[in-house]
C-alpha cells in the first residue's frame, strides 16, 4: 500500500502503548513550574558567582599543583566559556541554565583531574548537584548525569589515572563511568523527588491558604460573600454612584419551623442562586444574616437598583420550594438606597436596611426605595438610636423600676399586704425619665426584650431580698404580697431564662409565691404549647401567673382553659368604655364571669376614675389597676415606706 503525500504510516498498538508509558513517566516528573522572573534571576546570579569563584579557585589550585600558568589558563577556559554563555541575557532561561550546569559540572571534573582522580575529589560533583537544585528544573539533573557519563568515559579511556585512583577503573573506564553516572543520576533523582514533594507541600499550602481566604470572606452555606467581606468591598467601592439593595426573605421561618433547619438551608442556597441569576458579573451579593442579604450594584442609580430588586422579587415570588413532598412559596422584601462618593458606607447600609424594614412593615413582598425625607427611614434610624441607648442603659444599669399598685375593687383591710406591677423607665441623658412607649418598639425590633426582662427580674429580686432582710415587710403575711413582672414573647419558653429565674430565686431567697409573671394573651396564643409548658414550669416553682390584655385576641376564650394561670387581666380598651359602651361592658362581664367559673381572679386595666371603678365593683371584678387607683411611683421610694403605713397596700387572699 502506498501512502499519499503528507500522510503518515499507521501506528501500531505497541507504539501507542509505548507512548502511553512515556506519558505516564513524564507525569511522574515534577511539572517544571517556572520560577518568577525576579526569583529566577536572583538564583541564577548566585549560581554565576559560585561558578566564577570556582574558576578563580581552580586556577590558583592548578598553580599550586605545579601546573604552568599557560596550562592553568587552558584548564579554566572551557569554564569561562560556560560562564560567559550563562551570563548572556539574549539566551533563554533554559540555555543559560544549561550552560551554568555544564560549567559547574566542569569545575568538578577539573578538580578531580587536578587531584589525580582522588576519591574525595569526586564528592565535589554532589556539592554541585545541590547548587543546581536552585533552578528547580529537572532537566539540569539530566545534563549533569550526562556530563559525568561522557566526561568519565572519554577522559577515563584517554587518561584513566586523572579520573580514577584505582586499577580496576583504569582497566574498565567505561564501566566505572557508568557507575559514577548512575550515582549522580540517583542523587539527582533523589533531589527531584524531594523537590517534587516540596512542590506538592507548597501546592497544598497554597490550596489551604486559598480555601481559608475564601472561607474568611464567604458564607459557608450559600457561597455568597459574608458581612465582613461585603463591608470591605463597600468601603473600597470606586468613585461614582452605586445602588445598595437590602433583602429579607418573607415566610422563611415557616419552612424552618415546619421542615427543620436542613430544609431552611436548602431553601437559602436555592434562593441565593435565583438572586445570582438576576445580577451582572460586577454586582456583589452577600448574606449578612439568617435570611438577610445585601447587594452592591456598582454604577447603578437608585432607579436601576429598584429595577434589579423588582426582578429578584418576582423571581423569588414565582419560585416554589419543594421538600419531602411539601411545597412552599416564599417572598422577599427589598429596600433600595443610594451610595455615592463621600457617603459613609455604614450609613448607606443602615438606609438600605431601613428601607427593607419599611417594605416588610407595609405588607412584605415589595420594594421600598429610600427617598429624600423618607419618614419610614427616619423612623428606622430613630429606632436604631433608641436600641443603642437601651443597650448602654442595660449595661450601665440606667433603667429605673416603677411600681403601680393593683387594688381590690371591693375594698380590703389596709396595711395587710401589697399587690402591684413592676414597670420600667429609661433614664435620659439629662437625668429625666423616658416612658416605655418610646423605647420598647426599638427593643422589639432589635431583639432586646429578653435582655430587658432579665434586667427587670434581677433588679426586682435584689430589691425584694433587701426588703425581706431589713424587715420592711414586718407584720405582712408574705403570702399576701404579689409583685407582677411582665415577660415578653421572646422570653416565653426560653430555657435559659427559666434557669436564670431559678438561680435568682435561690440567690436572693425570694419566696416564689410573691412573684407573679405576666404574659399577654396574643403572645400566649401564638404558641400555646410553649406557653403552657413555660407557665407550668414556673408555677411548679411556686410563682403566680397572670394572662395580660385578655380580650384583645379573637379566640381568647377558646384557649383560656388551657393556660394554668392565676389572674386574668382584662384588656384596658374594654374597661375604659364600660360606662358609655354596652358592648365593652358586656365583654368585661363575660371575661369576669368565665374567669370566676374557672376559679381565676380578674384584674381590670386602665381604670382612670371612680365612675369606672364603681362599674367594676358592680360587675364583680376583683382588682383594678390604673391612674384612677394609683399612679406609678419609683419602686425604691415605694419600698422605703413602711408597709403598715402605705395607703395603697391591700390584703390579697392567696389564690
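The values are calculated or read from the model by the stated rules, or taken from the named source; none is laboratory data. Nothing here was measured: the structure is a model prediction, and the numbers come from that model. Positions of Cβ are generated from backbone atoms using ideal geometry, with glycine treated the same way; all protein chains shown enter the neighbour counts.
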Yes or no: the stretch 144-162 includes at least one residue that is surrounded by 15 or more Cβ atoms within 10 Å (Cβ to Cβ), over 56 Å from the mean Cα position of the chain (by Cα) and not in a helix (DSSP H, G or I). no
Residues of the stretch 387-406 that turn out to be over 18 Å from residue 438 (Cα atoms) and under 25 Å from the mean Cα position of the chain (by Cα), as a count: 1
For the subset of the stretch 527-560 comprising residues that are surrounded by fewer than 20 Cβ atoms within 10 Å (Cβ to Cβ) and over 25 Å from residue 494 (Cβ atoms), which member is modelled with the highest pLDDT? 557
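Sort out which residues of the stretch 439-448 are surrounded by 18 or more Cβ atoms within 10 Å (Cβ to Cβ) and either over 27 Å from the mean Cα position of the chain (by Cα) or assigned to a helix (DSSP H, G or I) (or both), and write them in order of number.
Looking only at the stretch 439-448, we keep the residues that are surrounded by 18 or more Cβ atoms within 10 Å (Cβ to Cβ), and these are 439-440, 442-443, 448.
439, 440, 442, 443, listed by residue number.
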Looking only at the stretch 163-173, and only at residues there that are surrounded by 14 or more Cβ atoms within 10 Å (Cβ to Cβ) and assigned to a helix (DSSP H, G or I), the one that is modelled with the lowest pLDDT: 169
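When you look at residue 288, is it over 12 Å from residue 321 (Cβ atoms) and either crowded, with 19+ Cβ neighbours inside 10 Å or under 20 Å from the mean Cα position of the chain (by Cα) (or both), yes or no?
Details: over 12 Å from residue 321 (Cβ atoms): yes; either crowded, with 19+ Cβ neighbours inside 10 Å or under 20 Å from the mean Cα position of the chain (by Cα) (or both): yes.
Yes; evaluated as a whole, the condition is true for this residue.
Of all residues being part of a strand (DSSP E or B) and over 30 Å from residue 342 (Cβ atoms) in the stretch 240-263, which is nearest to the chain's Cα centre (by Cα)? Just the residue, please. Quick ask: steps written out before the conclusion?
Taking the stretch 240-263 first, the residues part of a strand (DSSP E or B) are 242-250.
Imposing the further condition that a residue be over 30 Å from residue 342 (Cβ atoms) reduces the set to 249-250.
On the way: 249: 18, 250: 22 Å.
Among those residues, the one meeting the criterion is 249.
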